[in-house]
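Q: Shown below is the structure under consideration.
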């Protein structure tokens, strides 16, 4: 079905081909809905709650989301070109075959998010909660991951060349499985990496 304007509340509905360009969506509440080829370019959300929804071939270009939650959602072949996420929650969501750069991300919780094989190069993700995220096969070269909680994140075959991981919490992250080239680590990260390669790091405080 199509709708002239986006509903403020919807549950279990299917939308196809809708044009909601530049709508002020505010604190919409969508649960268990499916969106096919819906234009959400330049929309604005604030405090929205979107849960267990599927977005296929949708356009979020230049949209802005503030303190909004997209929880356990699936995004397939959708575009987030120039999208801004400010303090948003994407916990447990899956981005499959999506355009995700350029994109602005200011903090937020992306715990358990899946972005396998995505091009995230040069994105500034500083401080974003990436615990248990699946970043495998992704391109994070030149990305800023400073101060990110990343415990348990998967980085298998992830390109971290030139990425900045200083201050990131890397407990349970197998850095040895990633591609590292001029990757910036702090002392804790360097010790973790050395340990993964079987080295024992000893800091001698004696003069």
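The values are calculated or read from the model by the stated rules, or taken from the named source; none is laboratory data. Every value quoted in this text rests on a predicted model; they were computed, and no experiment measured them. Cβ sites come from the backbone with ideal geometry, for glycine too, and all protein chains shown count toward neighbours.
Q: Among the residues of region 93-114, write down those that are farther than 14 Å from residue 71 by Cβ and in a loop (DSSP other than H, G, I, E, B).
A: Within region 93-114, 97, 98, 100, 101, 102, 107 meet the criteria.
Q: Specify which of the listed residues (107, 161) is free of Cβ contacts under 8 Å to residues at least 24 places away in the same chain and out of contact with any strand residue (DSSP E or B) (no Cβ under 7 Å at 6 or more places or on another chain).
A: On the way: 161 fails: out of contact with any strand residue (DSSP E or B) (no Cβ under 7 Å at 6 or more places or on another chain).
Only one candidate passes the filter, namely 107.
Q: So, in region 44-60, exactly how many residues are surrounded by 15 or more Cβ atoms within 10 Å (Cβ to Cβ) and over 15 Å from residue 73 (Cβ atoms)?
A: Residues in region 44-60 being surrounded by 15 or more Cβ atoms within 10 Å (Cβ to Cβ) and over 15 Å from residue 73 (Cβ atoms): 3 in total.
Q: What do you reckon, is residue 169 more than 11 Å from residue 136 (Cα to Cα), in the same structural domain as residue 119 (by TED's automatic domain parsing) and in contact with a strand residue (DSSP E or B) (Cβ under 8 Å, 6 or more places away or on another chain)?
A: It is true that residue 169 is more than 11 Å from residue 136 (Cα to Cα), in the same structural domain as residue 119 (by TED's automatic domain parsing) and in contact with a strand residue (DSSP E or B) (Cβ under 8 Å, 6 or more places away or on another chain).
Q: For the list (1) under 23 Å from residue 82 (Cβ atoms); (2) out of contact with any strand residue (DSSP E or B) (no Cβ under 9 Å at 6 or more places or on another chain), I need the number of the one condition that residue 182 fails.
A: Just one mismatch for residue 182, condition (1).
Quick grid of which residues meet (1) in contact (Cβ under 8 Å) with a residue 24 or more places away in the chain; (2) on the phi < 0 side of the Ramachandran plot; (3) out of contact with any helix residue (DSSP H, G or I) (no Cβ under 8 Å at 6 or more places or on another chain); (4) not in a helix (DSSP H, G or I):
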{"position": "137", "(1), (2), (3), (4)": "no, no, yes, yes"}
{"position": "151", "(1), (2), (3), (4)": "no, yes, yes, yes"}
{"position": "176", "(1), (2), (3), (4)": "no, yes, no, no"}
{"position": "182", "(1), (2), (3), (4)": "no, no, yes, yes"}
{"position": "191", "(1), (2), (3), (4)": "no, yes, yes, no"}
{"position": "195", "(1), (2), (3), (4)": "no, yes, yes, no"}
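Q: Here's another thing I want to ask about it. Quick check on my filter: what residues within region 7-16 are within 19 Å of residue 74 (Cβ to Cβ) and either under 23 Å from the mean Cα position of the chain (by Cα) or not in a strand (DSSP E or B) (or both)? Walk me through it before giving the result.
A: So in region 7-16, the residues within 19 Å of residue 74 (Cβ to Cβ) come out as 10-16.
Once the filter is applied, which keeps residues that are within 19 Å of residue 74 (Cβ to Cβ) and either under 23 Å from the mean Cα position of the chain (by Cα) or not in a strand (DSSP E or B) (or both), region 7-16 yields 12, 13.
Q: Tally time: how many residues in region 25-60 are under 16 Å from residue 14 (Cα atoms), assigned to a strand (DSSP E or B) and more than 18 Å from the chain's Cα centre (by Cα)?
A: 7
Q: Only one of these is at pLDDT below 95 and surrounded by fewer than 17 Cβ atoms within 10 Å (Cβ to Cβ): 167, 195, 189, 162. Name it. Give the derivation first.
A: Values: 167 fails: at pLDDT below 95; 189 fails: surrounded by fewer than 17 Cβ atoms within 10 Å (Cβ to Cβ); 162 fails: at pLDDT below 95.
The unique qualifying residue is 195.
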